[in-house]
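*Asks:* Sharing a structure, written as structure tokens. Questions coming.
The values are calculated or read from the model by the stated rules, or taken from the named source; none is laboratory data. Note that the structure is predicted; figures quoted are calculated from it, not measured. Because the Cβ atoms are built from the backbone with ideal geometry, glycine has one as well, and the counts that use them run over all protein chains shown.
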Amino acid sequence: MLKNISVIGASGAIGSAFIEHLPSFFPDAMVHAFSRQPSRNSTPNVEWHIMDYQSEDSIRSCAELASLGAPLDLVLVATGMLHDTNLRPEKSLRELSFEKFQRLFAVNTIVPALVAKHFLPRLNRDTPSLFATLSARVGSISDNQLGGWYAYRMSKAALNMFIRNSAIEIAKRNQQAIIVGLYPGMVDSSLSKPYQKNVPRSNILSPKMAVLNMVAVLKSLTPEQTGRCFDWDGQEILP
């Protein structure tokens, strides 16, 4: 039974859905919600904290705070970026830029890695504990048939490598730890909104449904599956 849960990126579409529904799955757990801005959310058993994703000192302090009373049973990293006002996924080599690579790697790879650096050592060692970060199927090299989206694909591929690397290291001292990447599918959010036009509505998941699916996947995992990445339906994403 999970007792101590942390959600990083708790104010986004998927993060806030985790915050809303995790207490019903794990009613005995304390949920620590971390976001860049304060929240007035009053969900029972949820404590809100501010985390500056660009400050490693802030990430370290948040890890210490979350594990102050008990080791961590579940850590969810729900941060991520595909586009913003001035940045769109590349369709060709002509659109590559230093700024795009820097921004997307910072958000999609470096932030989850630094969160892992400080939260993974605080996972429970007595019972199975989980660290899951949102990844993407487009980060699979072997599954890439369309090309494009250079910086985003590469940042997620790098994240998937980090998941594998960190799982190998952590398993040497915590055999109960499960470290995975999760692809939530296409979720109805600001991240996917510009790319929903040609996707059947039935293939676009609500944040709630995405969270229900991912929690089901997390519940099914064992320590033998650490270091892998999984779709919302439990299928493994190949490297």
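*Asks:* Does any residue of segment 158-169 turn out to be assigned to a helix (DSSP H, G or I), surrounded by fewer than 20 Cβ atoms within 10 Å (Cβ to Cβ) and of a type in the set (D, E, K, R)?
*Replies:* The answer is yes; a qualifying residue exists.
*Asks:* Working only within segment 228-239, note down all residues that are surrounded by fewer than 20 Cβ atoms within 10 Å (Cβ to Cβ) and either at positive phi or aliphatic (A, V, I, L, M) (or both).
*Replies:* Within segment 228-239, GLY234, LEU238 meet the criteria.
*Asks:* I've got another one for you. Within segment 170-186, does at least one residue satisfy the condition of being hydrophobic (A, V, I, L, M, F, W, C), modelled with pLDDT under 95 and part of a helix (DSSP H, G or I)?
*Replies:* No, segment 170-186 has no match at all.
*Asks:* In addition: Only residues in segment 218-239 that are free of Cβ contacts under 8 Å to residues at least 40 places away in the same chain and closer than 20 Å to GLY139 by Cα count as the first member; pair them with residues that are among the charged types (D, E, K, R) and in a loop (DSSP other than H, G, I, E, B), Cβ under 7 angstrom, at least 6 apart or cross-chain, and list the lot.
*Replies:* Note: pairs meeting the criteria are GLU236/ARG228.
*Asks:* Now for a different question. What about ASN108, is it touching a Lys or Arg at 6+ places or on another chain (Cβ under 9 Å), modelled with pLDDT of 95 or more and of a type in the set (S, T, N, Q)?
*Replies:* Considered against the rule, which asks whether it is touching a Lys or Arg at 6+ places or on another chain (Cβ under 9 Å), modelled with pLDDT of 95 or more and of a type in the set (S, T, N, Q), ASN108 comes out as yes.
*Asks:* Next question. Considering only segment 1-41, state which residues are in contact with a helix residue (DSSP H, G or I) (Cβ under 8 Å, 6 or more places away or on another chain), of a type outside the set (D, E, K, R) and not in a strand (DSSP E or B). Let's see the steps before the verdict.
*Replies:* We begin by selecting, within segment 1-41, every residue in contact with a helix residue (DSSP H, G or I) (Cβ under 8 Å, 6 or more places away or on another chain); these are 4-10, 13-14, 16-18, 20-22, 25, 29, 31-35, 41.
From what is left, the residues that are of a type outside the set (D, E, K, R) are 4-10, 13-14, 16-18, 21-22, 25, 29, 31-35, 41.
Within segment 1-41, GLY9, ALA10, ALA13, ILE14, SER16, ALA17, PHE18, HIS21, LEU22, PHE25, ALA29, ASN41 meet the criteria.
*Asks:* Can you say whether SER202 is farther than 29 Å from ASN124 by Cβ, of a type in the set (S, T, N, Q) and part of a helix (DSSP H, G or I), as far as the supplied structure shows?
*Replies:* Yes.
*Asks:* Among the candidates ASP73, ASP28, ASP84, ASP57, single out the residue that is closer than 25 Å to MET154 by Cα and charged (D, E, K, R).
*Replies:* From the options ASP73, ASP28, ASP84, ASP57, the qualifying one is ASP84.
*Asks:* Among the residues of segment 1-25, which ones are surrounded by 15 or more Cβ atoms within 10 Å (Cβ to Cβ), without any contact (Cβ under 8 Å) to a residue 40 or more places away in the chain, closer than 25 Å to GLN176 by Cα and not β-branched (Val, Ile, Thr)?
*Replies:* We begin by selecting, within segment 1-25, every residue surrounded by 15 or more Cβ atoms within 10 Å (Cβ to Cβ); these are 2-23, 25.
Those left that are additionally without any contact (Cβ under 8 Å) to a residue 40 or more places away in the chain: 11, 19, 23.
From what is left, the residues that are closer than 25 Å to GLN176 by Cα are 19, 23.
If the condition is that a residue be surrounded by 15 or more Cβ atoms within 10 Å (Cβ to Cβ), without any contact (Cβ under 8 Å) to a residue 40 or more places away in the chain, closer than 25 Å to GLN176 by Cα and not β-branched (Val, Ile, Thr), then PRO23 is the only one that fits.
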